[in-house]
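Presented below is the structure to which this report refers.
The values are calculated or read from the model by the stated rules, or taken from the named source; none is laboratory data. On a predicted model such as this, the values are computed, not experimentally measured, just so you know. All Cβ positions, even for glycine, are placed from backbone atoms using ideal geometry, and neighbour counts span all protein chains on display.
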Amino acid sequence: MKSSSPADGAFALRDGALHCERVPLEAIAQRFGTPTYVYSRAAIEAAFRSYRDALAGRPALVCYAMKANSNLAVLDLLARLGAGFDIVSGGELARALAAGGDPRKVVFSGVGKTEEEIAQALAAGILCFNLESVAELETIERVAARLGKRAPVSVRVNPDVDPKTHRYIATGLKSNKFGVAWSDAVALYRRAAKLAHVEVVGIDCHIGSQITELKPYVDAADLVLDLVDELQRDGIRLHHVDFGGGLGICYRDEVPPAIGELIAALLARVDARGHADKTILVEPGRSVVGNAGALLARTIVVKRGAERNFAIVDAAMNDLMRPALYDAWMDVQPVRPRDSGAIVCDVVGPVCESGDWLARERALALAPGDLIAVMGAGAYGMSMASNYNTRGRAAEVVVDGDRVYCVRRRERVEDLFAGESVLP
């Protein structure tokens, strides 16, 4: 089943201009300036409900991978819908709790959890830690003993399955830093089961991000369920099986499976293997927020060069890192399209780097002052933004029908050095 285009639904042309839900992007730029991230409440909620509804009728939990977009308003919307959260730092735990998240629905992933973060999570009462190494198990046992607690854990298994995605966002191969090798997992479970301050509760797997095929998921699921079978024969019974996240979205011409199709395929394997009694966890991120967001920017100048033309806009690599970091293709749409005058150009920002680009070789009709929208920017946009070149990060707004809410004000230059000081 083909996923919808980035501009379908949440973002659409009406009366000759691009809207988010029922609000013209021109009105948002006039009110909040540019660059600004614009999110559709309806699109975020619809994507989350697709996961929740596909799991209806059985014990399950959808843990939003908040590294995709950790704005408090986004987290709050999802918490209201019953979401749990997949976190990778103590800071993300603090954000989830500040947004009203239930700590009993939080899973803590990541290869470098510090003792302070582990203690913070134990004090909050999270659902479980996803173990990524023997050393981490020993650290968790030590911290839990010191605090007089018993830490719930699952092992993040690395099944060496190729997710067929960008090498930077593949996480389930032998060469990746994540997880415990499939062949070592049972030994780690046996070790964990003997510890006084650790409780084994589940198993976890995450093979990558922006995955557009079902087969890698199903292959990884079968390997995980093989381990569940072996652990049960050892007398180690698990409460939950966490299949991770990573479902791709349509940026250009990708055809990822529909959310319901993915969940159905995973549940079919669980049932066929005799594990329908297990609670199922999934950790979606990009597929919940990616196509619900766009980066709104204004054209500064159109520069014609000897070999290339450039549309220089006021958004840059510090606002949206995906093109520079992953060589990612992002759809760029004029907010008010012109009928003629298009030239092939690169869409670039003002940052002092040749790697500062948002799109390459696009046929666009733009003039100074024209607005553009970079589509599919709801995931790994603002959450990866920086202050490079002393640039304040963008504003963020959520559109709810015909209403607009500023959920993060634009950073001012004085904010950027407020914590610094000169030498005496």
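Structure values in brief
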item	result
Filtered residue count, segment 279-307, keeping only those that are not basic (K, R) and not in a strand (DSSP E or B)	12
Within segment 182-215, tally of residues that are in a loop (DSSP other than H, G, I, E, B), of a type in the set (D, E, K, R) and modelled with pLDDT of 95 or more	1
Filter result (closer than 30 Å to R237 by Cα, of a type outside the set (D, E, K, R) and surrounded by fewer than 20 Cβ atoms within 10 Å (Cβ to Cβ)) within segment 268-316	A268, A272, G274, H275, A276, T279
Unique residue being under 30 Å from R190 (Cα atoms), crowded, with 20+ Cβ neighbours inside 10 Å, touching a helix residue (DSSP H, G or I) at 6+ places or on another chain (Cβ under 9 Å) and acidic (D, E) when the list is E136, E116, E132	E136
Exclusive hit being among the small types (G, A, S), outside the structural domain of I203 (by TED's automatic domain parsing) and under 15 Å from the mean Cα position of the chain (by Cα), set G84, G57	G84
Residue within segment 355-364 that is in a loop (DSSP other than H, G, I, E, B), farther than 30 Å from V201 by Cα and either out of contact with any His (no Cβ under 9 Å at 6 or more places or on another chain) or in the same structural domain as S209 (by TED's automatic domain parsing) (or both) present	yes
For N130: the one exception among (1) outside any strand (DSSP E or B); (2) touching a strand residue (DSSP E or B) at 6+ places or on another chain (Cβ under 7 Å)	(1)
Residues being surrounded by fewer than 22 Cβ atoms within 10 Å (Cβ to Cβ) and part of a loop (DSSP other than H, G, I, E, B) - total across segment 227-247	6
When residues of segment 343-360 are limited to those that are more than 27 Å from the chain's Cα centre (by Cα) and at pLDDT 95 or above, the one surrounded by the fewest Cβ atoms within 10 Å (Cβ to Cβ)	V344
Filter result (small (G, A, S) and without any contact (Cβ under 8 Å) to a residue 40 or more places away in the chain) within segment 350-384	S354, G355, A359, A363, A365
Residue in segment 295-311 that is in the same structural domain as I372 (by TED's automatic domain parsing), out of contact with any strand residue (DSSP E or B) (no Cβ under 9 Å at 6 or more places or on another chain) and hydroxyl-bearing (S, T, Y) present	no
Hits in segment 1-30 - residues which are part of a loop (DSSP other than H, G, I, E, B), modelled with pLDDT of 50 or more and among the aliphatic types (A, V, I, L, M)	A10
Residue list for segment 400-424, restricted to those being within 16 Å of M382 (Cβ to Cβ) and in a loop (DSSP other than H, G, I, E, B)	R409, R410, E411
Count - residues of segment 105-135 that are over 19 Å from R95 (Cβ atoms), out of contact with any Phe, Trp or Tyr (no Cβ under 8 Å at 6 or more places or on another chain) and touching a residue at least 24 places away in the same chain (Cβ under 8 Å)	4
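Rundown of residues vs (1) among the β-branched types (V, I, T); (2) over 23 Å from the mean Cα position of the chain (by Cα); (3) part of a strand (DSSP E or B), yes/no style:
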residue: L75; (1), (2), (3): no, no, no
residue: A79; (1), (2), (3): no, no, no
residue: V107; (1), (2), (3): yes, no, yes
residue: A145; (1), (2), (3): no, yes, no
